[in-house]
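Read through the structure below, which is laid out as structure tokens, and then see the notes.
The values are calculated or read from the model by the stated rules, or taken from the named source; none is laboratory data. What you are looking at is a predicted structure, and each value in this text was computed from that prediction instead of being measured. Note that each Cβ is placed from the backbone with ideal geometry, even for glycine, and that neighbours are counted across all protein chains shown.
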Amino acid sequence: MPPLPSDLAFVPFVSVQNMMRLVHALGLEEMLTGLAGYIEDDFRRWADFDKTPRIASHSAEGVIELMPTSDGRTYGFKYVNGHPKNTKFGRQTVTAFGLLADVETGYPTLLTEMTVLTAIRTAAMSALAAKHLAPKGAKTMAMIGNGTQAEFQALAFRALLGIEDVRLYDIDHGATAKVARNLAESGLRLAACASPEEAIEGAQVLTTCTADKQFATILTDNMVGSGVHINAVGGDCPGKTELHRDILLRSSILSNTRPRRGSRARSSS
């Protein structure tokens, strides 16, 4: 058998352990701000990318998705799942891995875990969007849904926006207590709240981060005043209806693609 080309014989692989070593070596705040910078740079060259919709396979238990894209030089995809019931069996709700390949040759150039990276990237993207869209000088965020991603969200908003106060709410009080323990040394002021209404009181940023596909409305129209930024992390697929439709109808809607014929952009205060 002829020897393999050297660039195919070894494809770099980043394991979960090595990703964690990288995060610890750089520091989580540095990872969040650095990743946000890369994301912002890519948005500035948005026209370079294929805008291929994610390929989703839904089931009663959750969803498995493939997310492909290419800028004509590098091709990449991410495999990711979302299975909320996993926590009942001591398993993670989300796991992921990804691959990069050279477009010219088709050779894979990197295989990496993306479970940890997805948690960091999701929070970095949320905070990056809020940096441009949230009220200037925002210091207080409501964090509704207190799973693991809530911790990354809180730290990202502190790093990129200067959020100082985080008001926590979850139907699982144990989840709220865990977030509070894990963020106790973060420099954030944390308050556990008894209801979503209490959590959003006085907050300029409202973050919802739930996992179940139960068509559950987390924020209703009468709960949300004008001039706030809503970061609906969990409303990412059918059945995850964190926001009542009337909130969307009176909100500013920003699109990164050309609107379809017959659609209209809406604006609000």
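For region 107-147, the tally of residues that are under 19 Å from ARG21 (Cα atoms), polar (S, T, N, Q) and within 16 Å of the chain's Cα centre (by Cα) stands at 2.
A single entry from LYS178, LYS131 fulfils the requirement of being out of contact with any Lys or Arg (no Cβ under 6 Å at 6 or more places or on another chain), more than 27 Å from ASP41 (Cα to Cα) and either modelled with pLDDT under 95 or not acidic (Asp, Glu) (or both): LYS178.
Where strands (runs of 3 or more DSSP E) fall wholly inside region 1-113, the ranges with 1 or more residues that are under 28 Å from ALA211 (Cα atoms) and touching a residue at least 60 places away in the same chain (Cβ under 8 Å) are 55-58, 63-70, 74-82, 108-113. Those strands (runs of 3 or more DSSP E) of region 151-225 in which at least 1 residues are out of contact with any Cys (no Cβ under 6 Å at 6 or more places or on another chain) and acidic (Asp, Glu), considering only elements entirely within it, cover 165-169.
Exactly one residue among LEU128, LEU155, LEU133, LEU160 is touching a Phe, Trp or Tyr at 6+ places or on another chain (Cβ under 9 Å) and within 30 Å of LEU66 (Cα to Cα), and that residue is LEU128. Tell me, please, whether a residue that is more than 17 Å from LEU183 (Cβ to Cβ), surrounded by fewer than 22 Cβ atoms within 10 Å (Cβ to Cβ), outside the structural domain of ILE55 (by TED's automatic domain parsing) and not β-branched (Val, Ile, Thr) can be found in region 138-150. For region 138-150, residues more than 17 Å from LEU183 (Cβ to Cβ), surrounded by fewer than 22 Cβ atoms within 10 Å (Cβ to Cβ), outside the structural domain of ILE55 (by TED's automatic domain parsing) and not β-branched (Val, Ile, Thr): present. Does LYS136 qualify as being among the basic types (Lys, Arg) and within 24 Å of PRO196 (Cα to Cα)? Yes: the conditions hold for LYS136. Report, by residue number, each residue of region 93-151 that is farther than 11 Å from LEU161 by Cα and among the basic types (Lys, Arg). Within region 93-151, just ARG121 meets the criteria.
On inspection, THR220 fails the criterion of being crowded, with 18+ Cβ neighbours inside 10 Å and out of contact with any Ser or Thr (no Cβ under 8 Å at 6 or more places or on another chain). Residues of region 57-78 that are surrounded by 15 or more Cβ atoms within 10 Å (Cβ to Cβ) and of a type outside the set (D, E, K, R): GLY62, VAL63, ILE64, MET67, THR69, SER70, TYR75, GLY76, PHE77.
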